[in-house]
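Here the structure comes first, spelled out in structure tokens, and everything after it is commentary.
The values are calculated or read from the model by the stated rules, or taken from the named source; none is laboratory data. If you're wondering where the values come from, they're calculated on a predicted model, not measured in any experiment. Cβ sites come from the backbone with ideal geometry, for glycine too, and all protein chains shown count toward neighbours.
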Protein chains: 2
Amino acid sequence: MDSPVQTSTLHLDRPFRLDSGDIIRGLTVAYETYGEPNSARDNAILIEHALSGSAHAAFFHRGDPKPGWWDAMIGPGKAFDTDRYFVICSNVLGGCNGTSGPSSRNPATGKPYALSFPPVSIRDMVEVQRMLLAHLGIERLRSIAGGSMGGMQALQFFADYPSLFDSFICIASTMRHSAQQIAFNEVGRRAVMADPRWNGGDYYGDVPPEGGLSVARMIGHITYISEKMMQEKFGRLRKGKDDRAVFRPSFEVEHYLDYQGIAFVRRFDANSYLYITSAIDNFDLVSSISGANRCRGENRARGTGIDAMRKKKGLVISFTSDWLYPTQQSHDIVRFFSGLNASVSFAEIETDHGHDAFLTDIEGQTLIIRSFLDALIP
Amino acid sequence: MDSPVQTSTLHLDRPFRLDSGDIIRGLTVAYETYGEPNSARDNAILIEHALSGSAHAAFFHRGDPKPGWWDAMIGPGKAFDTDRYFVICSNVLGGCNGTSGPSSRNPATGKPYALSFPPVSIRDMVEVQRMLLAHLGIERLRSIAGGSMGGMQALQFFADYPSLFDSFICIASTMRHSAQQIAFNEVGRRAVMADPRWNGGDYYGDVPPEGGLSVARMIGHITYISEKMMQEKFGRLRKGKDDRAVFRPSFEVEHYLDYQGIAFVRRFDANSYLYITSAIDNFDLVSSISGANRCRGENRARGTGIDAMRKKKGLVISFTSDWLYPTQQSHDIVRFFSGLNASVSFAEIETDHGHDAFLTDIEGQTLIIRSFLDALIP
């Protein structure tokens with residue numbers, strides 16, 4: 001596909017009600033699509049992005065040499081084959097890449113929401129996508145797929161509306177965060193909030209809390225790659241002069257983290273970081289579809305939802321060296337959905353790339369996902 | 001021992017030369033001793049503290065209900081039995097608990113050194129302790145022992161002056177940091193330096209960079225305890241109201257980290273944190289005693305130092321759930337000193353307490369250390 005893609009925007013006229021009861025007016029949703037719907041309109045696949053992703057999952061924007069964040073997986077002949085599937089991706093609620101979030105203008109005040117933007121949940125994110133699907137005239141999807149937080153959205157959306165999807169694909173993710181996973185996110189949030197420039201979230205039009213957000217991202221990057229890969233790539237190699245007197249980066253691994261931090265603050269909003277990581281930490285699939293929290297989705301009407309899960313298929317993928325979302329958490333997902341009578345396949349991919357493997361280990365994922373999708377064809 | 005201990009201070013009249021060639025004038029060393037030297041003055045054991053420790057390793061200070069940081073290990077009948085051994089502990093160079101460091105007054109200016117304090121190394125720390133031993137009239141020690149950074153000092157001191165010690169005890173430590181270990185420290189340093197109150201290190205007399213230092217400590221605490229223990233202790237338990245709108249701590253693990261961060265900034269200097277973590281990252285035992293870096297110690301005069309290691313004993317201890325200093329790094333220590341003809345024992349203690357086990361798992365360590373020390377008796 002040589003012609004560039006563009007991000008489209010859906011404006012929702014009516015107020016959007018969150019799971020908490022809060023209301024967002026003037027909601028906008030940024031999205032992209034790749035490939036075409038077939039005549040039966042049953043070949044759509046919804047792609048869910050991770051913490052720092054965007055609607056721009058594949059192909060190129062005009063004048064931008066960098067393709068979308070999962071371009072290696074989405075396109076003609078790729079894992080999500082755009083010659084066969086109509087692929088949709090949207091930016092999450094609470095984000096900062098076109099969908100409403102804390103940096104968006106509050107129509108009631110004309111100023112950015114900042115912390116007056118209501119807290120959002122993973123369920124809120126997928127409810128926004130349900131509006132988008134309705135707008136696109138898609139009533140049934142072949143699959144919903146994502147890695148990391150994208151996997152959480154896939155699980156939540158599939159569990160809430162099993163009749164909407166033939167299948168789900170959940171990669172390097174979990175049904176809920178452990179204490180350590182919460183801890184890493186919390187330290188990132190504290191780093192942002194400890195930066196005086198954060199100013200209670202009210203920094204728009206001023207210098208944003210770049211120092212704090214950069215530290216948060218550095219912490220993230222330690223958890224995204226494996227200890228082994230970090231050692232092989234950097235070890236104790238040094239770069240430049242050892243300027244310990246002023247504590248400038250001296251080891252290559254320090255330069256790497258420094259670069260990752262700086263690159264991130266250029267493209268991401270600090271408040272969105274707080275909102276989205278909180279949504280991740282609060283995500284708890286089992287309690288969300290079984291407990292008092294339930295207030296959305298068809299399972300509520302249908303009771304257990306077990307009937308709706310029959311004949312549905314799931315694919316769960318983990319990576320051997322992913323220590324942020326270890327394989328055990330993927331086993332838990334398989335067990336849970338199998339218990340709901342879905343037919344769930346599991347694959348663990350051998351890799352040294354850690355959590356980032358969902359973005360980098362293309363060949364293994366492509367083989368598994370292609371054959372999984374092929375087997376869905378009625 | 002009911003009578004309280006006091007911290008003593010040694011003032012060095014002559015200039016102290018660091019490994020780098022830098023000079024510190026008016027060096028002070030804070031230290032404590034427990035037990036008494038025997039008549040042969042050959043029953044001393046030097047205790048080395050970790051990153052945030054102090055000279056106050058055991059017993060009580062007058063009016064302080066909290067004992068020293070390793071009181072469970074040092075005392076009559078304990079692992080380091082003060083009825084039999086003369087135990088010495090001093091605050092490290094670069095620290096902030098009585099020994100000269102960046103918060104000390106520079107005699108040349110009358111103001112705190114801040115970043116004009118010269119960068120220090122683990123070797124510099126032990127050279128300061130060599131002056132202290134001379135001051136105390138101790139020419140030969142039964143052992144030198146420490147956990148974490150304390151273990152690094154024990155290894156460096158023992159390797160530089162093997163004829164000074166009968167043995168070393170190295171707990172939960174390493175001969176050098178891996179890329180991931182450097183990465184965690186570097187993110188902590190960035191957190192401190194990203195806080196505008198750090199002000200290039202020049203914050204004395206003003207509000208210190210508490211936010212940044214607190215974030216650094218929170219990162220540390222995630223690595224100090226095991227994932228399993230964190231999960232069992234906190235899981236997804238909540239404390240107080242879930243106040244997501246302002247991103248206050250809601251999960252118990254968040255409150256725990258928050259508390260650890262706040263407690264730390266009350267007792268520790270942010271610049272010392274930078275100096276000491278840099279010394280840790282730059283520590284590389286093998287290259288320090290074999291390469292061009294060598295400029296101290298008796299090995300320099302004696303060549304390989306292998307002769308001096310004969311009849312010397314070492315004890316290396318690791319903990320199964322310590323993911324900050326994993327057992328493999330202890331194996332490397334055993335292999336290295338065995339290769340130098342020292343006789344090195346190794347014990348891995350089964351525990352869920354992670355790296356902190358060197359402070360908490362008293363029974364296992366006591367059994368192993370007591371029998372190791374008993375076997376040293378000539």
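Sub-9 Å Cβ pairs linking a first residue in segment A:70-81 that is closer than 13 Å to A:I47 by Cα to a second residue that is basic (K, R), at least 6 apart or interchain, are A:D71/A:K78; A:A79/A:R370; A:F80/A:R370; A:D81/A:R370, ordered by first then second residue. Checking each residue in segment B:124-150 for being more than 20 Å from B:N97 (Cβ to Cβ) and of a type outside the set (A, V, I, L, M, F, W, C) picks out B:G137, B:E139, B:R140, B:R142, B:S143. Checking A:A44, A:A30 one by one, the residue that is within 17 Å of A:G75 (Cβ to Cβ), surrounded by 18 or more Cβ atoms within 10 Å (Cβ to Cβ), in contact (Cβ under 8 Å) with a residue 60 or more places away in the chain and small (G, A, S) is A:A44 and no other.
If only residues of segment B:283-298 that are assigned to a helix (DSSP H, G or I) and surrounded by fewer than 22 Cβ atoms within 10 Å (Cβ to Cβ) are counted, the one that is modelled with the lowest pLDDT is B:E298.
Within segment B:214-272, the residues that satisfy the criterion of being of a type in the set (S, T, N, Q), part of a helix (DSSP H, G or I) and in contact with a helix residue (DSSP H, G or I) (Cβ under 8 Å, 6 or more places away or on another chain) are B:S214, B:T223, B:Q231, B:Q260, B:N271.
Picking from residues in segment B:215-232 that are more than 7 Å from chain A (Cβ to nearest Cβ) and over 18 Å from the mean Cα position of the chain (by Cα), the one that is nearest to B:Y113 (Cα to Cα) is B:S226. The residue that is surrounded by the most Cβ atoms within 10 Å (Cβ to Cβ), among those in segment B:87-116 that are in contact with a Gly (Cβ under 9 Å, 6 or more places away or on another chain), among the hydrophobic types (A, V, I, L, M, F, W, C) and within 30 Å of B:M73 (Cβ to Cβ), is B:V92.
Might you let me know whether segment B:247-266 holds any residue that is facing chain A (nearest Cβ under 7 Å) and touching a strand residue (DSSP E or B) at 6+ places or on another chain (Cβ under 8 Å)? Yes. Based on what the data block shows, is A:G212 at the interface with another protein chain (Cβ under 7 Å from one of its Cβ atoms), out of contact with any His (no Cβ under 9 Å at 6 or more places or on another chain), more than 25 Å from B:W198 (Cβ to Cβ) and free of Cβ contacts under 8 Å to residues at least 60 places away in the same chain? Taking the combined requirement at face value, the residue does not satisfy it. Residue selection: A:F60 satisfies the criterion of being under 22 Å from A:I362 (Cα atoms), out of contact with any Phe, Trp or Tyr (no Cβ under 9 Å at 6 or more places or on another chain) and either basic (K, R) or surrounded by fewer than 22 Cβ atoms within 10 Å (Cβ to Cβ) (or both).
In the set (1) buried (at least 21 other Cβ atoms within 10 Å of the Cβ); (2) within 30 Å of B:A270 (Cβ to Cβ), B:G75 fails one condition alone, (2). Within the option set A:G53, A:G110, being under 21 Å from the mean Cα position of the chain (by Cα) and either assigned to a loop (DSSP other than H, G, I, E, B) or farther than 22 Å from A:A263 by Cα (or both) holds for one residue only, A:G53. Within the span defined as segment B:188-196, every residue fails to be closer than 27 Å to B:D269 by Cβ, within 17 Å of the chain's Cα centre (by Cα), within 14 Å of another protein chain (Cβ to nearest Cβ) and basic (K, R). For first residues located in segment A:354-367 and surrounded by 16 or more Cβ atoms within 10 Å (Cβ to Cβ), partners that are in a helix (DSSP H, G or I) and among the aliphatic types (A, V, I, L, M) and lie 6+ apart or on another chain with Cβ distances below 8 Å form the pairs A:G354/A:M229. Selection of segment A:339-368 for residues being small (G, A, S) and in a helix (DSSP H, G or I) yields A:G339, A:G354, A:A357, A:G364.
Only residues that are surrounded by 24 or more Cβ atoms within 10 Å (Cβ to Cβ) and either of a type in the set (A, V, I, L, M, F, W, C) or in contact with a Ser or Thr (Cβ under 8 Å, 6 or more places away or on another chain) (or both) were counted across segment A:199-213, and they come to 1. A count restricted to segment A:69-114 and to residues that are within 18 Å of A:S3 (Cα to Cα) and touching a helix residue (DSSP H, G or I) at 6+ places or on another chain (Cβ under 6 Å) stands at 1.
Here B:K239, B:K233, B:K228 are screened, and the one residue that is modelled with pLDDT under 95 and either farther than 30 Å from B:S143 by Cα or surrounded by 19 or more Cβ atoms within 10 Å (Cβ to Cβ) (or both) is B:K239.
Considering the conditions (1) over 13 Å from the mean Cα position of the chain (by Cα); (2) in contact (Cβ under 8 Å) with a residue 24 or more places away in the chain, A:L155 is excluded by exactly one of them, (1).
Within segment A:119-159, the set of residues being of a type in the set (S, T, Y) and more than 14 Å from A:G314 (Cα to Cα) comprises A:S121, A:S148. Selection over segment A:133-148 of residues that are of a type outside the set (G, A, S) and crowded, with 24+ Cβ neighbours inside 10 Å gives a count of 2.
Taking residues in segment B:160-183 that are more than 14 Å from chain A (Cβ to nearest Cβ) and under 18 Å from B:S318 (Cα atoms), and partners anywhere that are in a strand (DSSP E or B) and hydroxyl-bearing (S, T, Y), the pairs with Cβ atoms closer than 7 Å and at least 6 places apart or on different chains are B:S167/B:S143; B:F168/B:S143; B:I169/B:S143; B:A172/B:S318.
Quick check: anything in segment A:197-209 basic (K, R), assigned to a helix (DSSP H, G or I), farther than 28 Å from A:I349 by Cβ and facing chain B (nearest Cβ under 7 Å)? No, because not a single residue in segment A:197-209 is basic (K, R), assigned to a helix (DSSP H, G or I), farther than 28 Å from A:I349 by Cβ and facing chain B (nearest Cβ under 7 Å).
Residue count for segment A:163-187 under the criterion of being under 16 Å from the mean Cα position of the chain (by Cα) and either outside any helix (DSSP H, G or I) or under 14 Å from A:F337 (Cα atoms) (or both): the result is 10.
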